Amino acid sequence: MKIKFWGVRGAIPCPGPHTTKYGGNTPCLEVRFIEANRLIIIDAGTGIRELGNSLVANELHKGPIKTQIFLTHTHWDHIIGFPFFTPIYLRETKLTVYGPFTHEDDNLENVVGGQLKYRYFPVRRAELCSEIEYVDLKEERLDIGDGIMVTSKFLNHPLYCMGYRFEYRGKVFCTAFDTEPYRNVFCNDPDDPSYDESMAMEGEQVAREENQRLEDFFSGADLLIHDAQYTQDEYESSKLGWGHSSVEYAIAAARRANVRRLALFHHEPVRTDSELDELSKKYCDTEYSGNIEVFFAREGMEVTF
Ligand SMILES: [Zn+2]
Ligand SMILES: [Zn+2]
């Protein structure tokens, strides 16, 4: 497999002089299954615009673009690039868009394709001539052909959000963004009048089990791409419940799960290149990361395994 990062930022695109090294585009990954000659895309943040242009410039002459997009969820930063993905305007393109089932009235097609309406954009969905199919996913295991298996798992985020595990020719690639560690939702303070010891203990146990389930999900991965938007200090001081993880937690979870390589991902938009360099010095050193390779994902970076 070969993975290329086209967008690594969380929340909002942040171009400018302070983000030229790590990049300012929001999430998009290109995943190549080389022997099978297959391309899969994860998320349609602003990074997908350049990926689409690259496909049209470099690959269209070999034949029509046929690909699958796996959306982790439908927060803006993960879908906003979709109307700018040039292949959707080409008649021969065949696209399947997978994403988490929502329990609301809007299905995936309405939420993602619904960006193509005059209120938001000058082209309407009805004017697209490519073939686009939408598949609403729950937690499941899919055989998508050529020996590629995909498992989906819900993460801990303010709306339904999927982690993906791809298995192909003995190699494993996993994503876990956007997500936050599960924690006890019941009162933990014995001095609080609402404290109930058995509820508190049960809450702790459920959180432990859910965190373990997620680590089992990405266990043994050759590459794990994990949410690491905050430092632990930032997380504890004001970001609890926002649906994102700290760098420290991502590394500890990856170590427990015997992951080989960990890409820290979904960078905080205000984080400058020099701040990310500083964090790299601190956290990507083997003294901290142990025997796994840890790096902060950068736009344009490729990883092959
Ligand atoms: Zn996000
Ligand atoms: Zn999100």
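The values are calculated or read from the model by the stated rules, or taken from the named source; none is laboratory data. Only a predicted model underlies this, so the values are computations on that prediction, with no experimental measurement involved. We place every Cβ from the backbone using ideal geometry, glycine too, and count neighbours over all the protein chains shown.
Please go through segment 57-73 and pick out each residue that is in a loop (DSSP other than H, G, I, E, B) and crowded, with 19+ Cβ neighbours inside 10 Å.
Result: Ile65, Leu71, Thr72, His73.
Okay, residues lined up against (1) within 16 Å of the chain's Cα centre (by Cα); (2) part of a loop (DSSP other than H, G, I, E, B):
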| residue | (1), (2) |
| --- | --- |
| Pro15 | no, yes |
| Leu29 | yes, no |
| Glu35 | no, yes |
| Ala44 | yes, yes |
| Asn53 | no, no |
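Under 9 Å between Cβ atoms, which residue pairs at least 6 apart in sequence (or on different chains) link something in segment 106-131 that is among the aromatic types (Phe, Trp, Tyr) with a partner that is assigned to a loop (DSSP other than H, G, I, E, B) and surrounded by 11 or more Cβ atoms within 10 Å (Cβ to Cβ)?
Tyr118/Arg124; Tyr120/Gly114; Phe121/Gln115
Among the listed residues Ile88, Ile41, identify the single one that is closer than 30 Å to Thr272 by Cβ, at pLDDT 95 or above and among the β-branched types (Val, Ile, Thr).
Ile41
Say whether the condition of being under 29 Å from Tyr160 (Cα atoms), of a type in the set (Asp, Glu) and within 16 Å of ligand 1 (Cβ to nearest atom) is met by at least one residue in segment 202-214.
Taking every residue of segment 202-214 in turn, none turns out to be under 29 Å from Tyr160 (Cα atoms), of a type in the set (Asp, Glu) and within 16 Å of ligand 1 (Cβ to nearest atom).
Search segment 57-84 for residues that are closer than 20 Å to Asp136 by Cβ and within 16 Å of ligand 1 (Cβ to nearest atom) and pair each with any residue that is small (Gly, Ala, Ser) and part of a helix (DSSP H, G or I) when their beta-carbon atoms are under 9 Å apart and the residues are at least 6 apart or on different chains.
Within 9 Å, the pairs are Phe82/Gly113.
Out of everything in segment 118-160 that is outside any loop (DSSP other than H, G, I, E, B) and of a type in the set (Gly, Ala, Ser), what residue ends up being nearest to ligand 2 (Cβ to nearest atom)?
Ser152
Under 28 Å from Met149 (Cβ atoms) and under 23 Å from the mean Cα position of the chain (by Cα), is that true of Phe296?
No: the conditions fail for Phe296.
If you take the residues in segment 165-195 that are within 16 Å of ligand 1 (Cβ to nearest atom) and assigned to a loop (DSSP other than H, G, I, E, B), which one is surrounded by the fewest Cβ atoms within 10 Å (Cβ to Cβ)?
Out of the qualifying residues, it is Glu180.
Would you mind telling me which numbered condition in (1) aliphatic (A, V, I, L, M); (2) more than 16 Å from ligand 1 (Cβ to nearest atom); (3) exposed (fewer than 14 other Cβ atoms within 10 Å of the Cβ) Leu159 fails?
(2)
Against the conditions (1) in contact (Cβ under 8 Å) with a residue 60 or more places away in the chain; (2) buried (at least 19 other Cβ atoms within 10 Å of the Cβ), where does His18 fall short? Just the number, please.
(2)
How many residues are of a type in the set (Val, Ile, Thr) and part of a helix (DSSP H, G or I) when one looks only at segment 230-273?
Count: 2.
Just to be sure, is Val172 touching a residue at least 24 places away in the same chain (Cβ under 8 Å) and touching a strand residue (DSSP E or B) at 6+ places or on another chain (Cβ under 8 Å)?
Yes: the conditions hold for Val172.
Of all residues being under 19 Å from Glu30 (Cβ atoms) and modelled with pLDDT of 95 or more in segment 91-123, which is surrounded by the fewest Cβ atoms within 10 Å (Cβ to Cβ)? Just the residue, please.
Result: Lys94.
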